[in-house]
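This report refers to the structure that appears directly beneath it.
Read-outs throughout are calculated quantities, based only on the coordinates presented, and are distinct from any laboratory measurement. These numbers come from a predicted model, not from an experiment. In this analysis, Cβ positions are derived from the backbone assuming ideal geometry, glycine residues included, and neighbour counts consider all displayed protein chains.
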Amino acid sequence: MNLALVRTARPLLLLAALSVPAGWASAAELPAVPATAAGAASPYGFDGVVEAVRQTVVAAQVQGAVVELKVKAGDRVAAGQLLSRLDAPEAEQAAAASDAQAQSVRASLALAKAELGRQQQLFKQNYISAAALDRAEAEFKATEAQLNAQLAQAGAARTQTAFHIVRAPYAGVVAEVPVTLGDMALPGRALVTVYDPAALRITASVPQSVAVRLAAGTAPRVELPGLASPRVTPTRWQVLPTADAATHTVLLRAELPAGLAGVAPGQFARLWLPLPASAGAAAAVSVPAAAVVRRAEMTGLYVLTPEGKPLLRQVRLGREDAGRVEVLSGLAAGERVVTDPQAAARVR
């Protein structure tokens, strides 16, 4: 076979052509753009978490077994809706006894009122003394006061009975139900956690050195990964006036607009703060997002050498916005980056 291959030059040329894989590109044909420097204001990102502005842990006020659960985690509830019911036989019996005693005193008051009327008629006809009339009036007033006291006691018994019925304090979403049927509820034990989905915010810890550089009137931007539109502009933001003595950070809160679907307390979020660049700090550069190469745990870019050859270089990326991604390290402004990584990988 070797003698047959070297007989003519044409088979040798065929082998040389087959040794070069099809689809290899030329370095001169690669699309490339220069890395551009970022503006004067450099955004800084800080990890945060979604919180509910209004979140309530509805706890038991009395002791009793949980005999009814009307909701589960994730349910939407209206204000005043029944959430849970506790066993309350003693409270119900006490309320019934107080109502019965109030009815008894009410009958005694009617009798005392009638007796007072008769005594007043007899006093007008001079059949009884003023002392007898005073005793009838005192009896009537004492019975009336006794009725008022009994009515107040009956109201307290009914209020105690109402403590065994747990209702939603406002319209919201049930976040957690840490009890099951049959559990013994004690005063202070959490039964249901409810939050208002219309009032959410992002809370992030920001270094004090960054907080003092925040410009007045410059609102941060919120990034919520996983949403169709991850970039959100908060309606209001605030830096809390106290700092953590251990970490030297302050809390920054940014309230989200109402009606965001798919956002719940506990989710990860990121706050981007547009801060003026520090004096002497290296300006960040940005490149098209299509130029980024991601292979396993490596993130890189194909950068053209002075000879025009593409070399894969590892870089560290920052935020991505409007089709461009910020390069925090590994690339200098003005270097040419290949925008078609697949074509650059075929160049030899």
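First measure r as the distance between the Cβ atoms of residue 313 and residue 44, then evaluate 1/(1 + (r/R0)^6) with R0 = 25 Å and state the FRET efficiency to the nearest 0.05.
0.55
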Open item on the list: Per-residue counts of other Cβ atoms within 10 Å, averaged by peptide: what ranking do you get for 305-318, 260-273, highest first?
Closed with: 260-273, 305-318
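Size of the dipole of region 89-162 about the Cα centre, Lys and Arg at +1 and Asp and Glu at -1 on the beta carbon, nothing else charged, in debye to 20? It would help to have the intermediate numbers written out before the result.
Working: 7 positive and 8 negative charges, 64 e Å.
About 300 debye.
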TODO: May I have the extent of the alpha carbons of region 89-162 along their three principal axes, as whole Å values ordered from largest to smallest?
DONE: 55, 13, 12
- [ ] With a/c under 1.5 counting as rounded, go ahead and sort region 309-348 into rounded, prolate or oblate using the C-alpha gyration tensor (a ≥ b ≥ c being the square roots of the eigenvalues; past the cut-off, prolate if a/b is larger than b/c, else oblate).
- [x] prolate
- [ ] Would you mind checking region 140-182 for residues with the amide N under 13 Å from a putative spin-label position 7 Å along Cα→C-beta of residue 258?
- [x] 171-172
Task: Charge context of residue 80, other residues only, Cβ under 13 angstrom, K/R +1, D/E -1 - done: +2
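If I take all pairs of Cα atoms in region 172-297, what percentage of them are more than 25 Å from each other? List each step's numbers first, then the result.
On the way: 3814 of 7875 pairs.
More than 25 Å apart: 48 percent of the Cα pairs in region 172-297.
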Task: Counted charge near residue 200, where neighbours are those whose Cβ lies closer than 9 Å (Asp, Glu -1; Lys, Arg +1) - done: -2
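Do you know the relative contact order of region 89-162, to the nearest whole percent, from alpha carbon pairs under 8 angstrom that are 6+ apart?
Numbers: 54 pairs, mean separation 40.5, N = 74.
Relative CO of region 89-162 lands at 55 percent.
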Open item on the list: Under the 0.36 nm per residue contour assumption, what length would be gained going from the current alpha-carbon distance of residue 129 and residue 218 to full extension?
Closed with: 23.2 nm
Task: Calculated FRET value between residue 198 and residue 67, using beta carbons and R₀ = 30 Å, to 0.05 - done: 0.40
